[in-house]
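One structure below.
The values are calculated or read from the model by the stated rules, or taken from the named source; none is laboratory data. These figures come from a predicted structure and were not determined experimentally. Neighbour counts are summed over all protein chains in view; Cβ atoms, including those assigned to glycine, are modelled from backbone coordinates with ideal geometry.
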Amino acid sequence: MKHGYQIYDASTAPLASRELLGAVQKNFGMIPNSLATMAESPETLQAYLTIGELAAKSSLSPLEQQVVMLTVAREHECPYCVPAVATLAKSHGVPVEHVRNIVDCEPLGDDRLDALRSFTSSVVRGRGWVTDEEVATFFRHGYNRRNILELILITAMKSIAIYANHIVDPDLDDAFVAER
């Protein structure tokens, strides 16, 4: 941990973060260190969780949502998020080979998911600047304008955690170590 940040729980966090961390504990069965440190700012933690709830309602399938999240983590080379999201992706039914291939920047063997991964990478690398051809290729694989905006929503959510993790450098939770 850097810069004096600490890992909070539902009893030690700032008052406005306690209920949020309690909900995280209930939903995930644990409080990941990333979120535990984010509790320093109740507004940031609330934003992350709220965006996550909205992203889960997107028209992208749960599998596609996980592909986007893991791709964003991979593109940002986040040493905490990559193993954490890989673990969560597997728990959400993403095939192990897809998780490995995203982490290793290898084709997924599914043209539609490869298009999603490639477009997500372009959005992150280009900081939103993508070419008309990249958009056209994305559309040719059955995606649409709404999907682009939802991909941006998921990217924004993961970016909150990624940027915080880069500054705070939380220890990787035991639950995620196997994916390191």
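Considering region 96-111, the residues that are free of Cβ contacts under 8 Å to residues at least 12 places away in the same chain, of a type outside the set (D, E, K, R) and in a helix (DSSP H, G or I) include one that is farthest from T71 (Cα to Cα), namely V96. When A39, A23, A13, A56 are checked against the criterion of being under 16 Å from S91 (Cβ atoms) and modelled with pLDDT of 95 or more, a single residue qualifies: A56. Residues in region 122-135 that are under 20 Å from the mean Cα position of the chain (by Cα) and in a helix (DSSP H, G or I): S122, V123, V124, R125. Within region 86-97, the residues that satisfy the criterion of being crowded, with 19+ Cβ neighbours inside 10 Å and within 15 Å of L116 (Cβ to Cβ) are A89, V94. Remark: pairs (first residue in region 112-132, on the phi > 0 side of the Ramachandran plot and at pLDDT 95 or above; second residue of a type outside the set (S, T, N, Q) and assigned to a helix (DSSP H, G or I); Cβ separation under 8 Å; 6+ apart in sequence or on different chains) = G128/I152. Of all residues assigned to region 90-106, at least one qualifies as being at pLDDT below 95 and small (G, A, S). Taking region 82-95 as the range and being among the hydrophobic types (A, V, I, L, M, F, W, C) and touching a residue at least 60 places away in the same chain (Cβ under 8 Å) as the test, the residues that pass are V82, A84, V85, A86. If you filter region 136-170 down to residues that are more than 12 Å from the chain's Cα centre (by Cα) and loosely packed, with under 14 Cβ neighbours inside 10 Å, you find that the one that is nearest to S59 (Cα to Cα) is R146. Only one of L54, L63, L49, L116 is buried (at least 20 other Cβ atoms within 10 Å of the Cβ), of a type in the set (A, V, I, L, M) and part of a helix (DSSP H, G or I); which? Going through L54, L63, L49, L116 in turn, just one is buried (at least 20 other Cβ atoms within 10 Å of the Cβ), of a type in the set (A, V, I, L, M) and part of a helix (DSSP H, G or I): L116. Please work out if E43 is farther than 19 Å from D173 by Cα and either under 15 Å from the mean Cα position of the chain (by Cα) or assigned to a helix (DSSP H, G or I) (or both). So E43 passes the test.
If we keep just the residues of region 5-37 that are assigned to a helix (DSSP H, G or I) and among the small types (G, A, S), which is nearest to I162 (Cα to Cα)? The residue in question is S34.
Within region 59-89, work out how many residues are among the polar types (S, T, N, Q) and modelled with pLDDT under 95. Please lay out each step first, then the result.
Initial filter on region 59-89 (among the polar types (S, T, N, Q)): 59, 61, 65-66, 71, 87.
Narrowing the set further to residues that are modelled with pLDDT under 95 leaves none.
Final tally of qualifying residues: 0.
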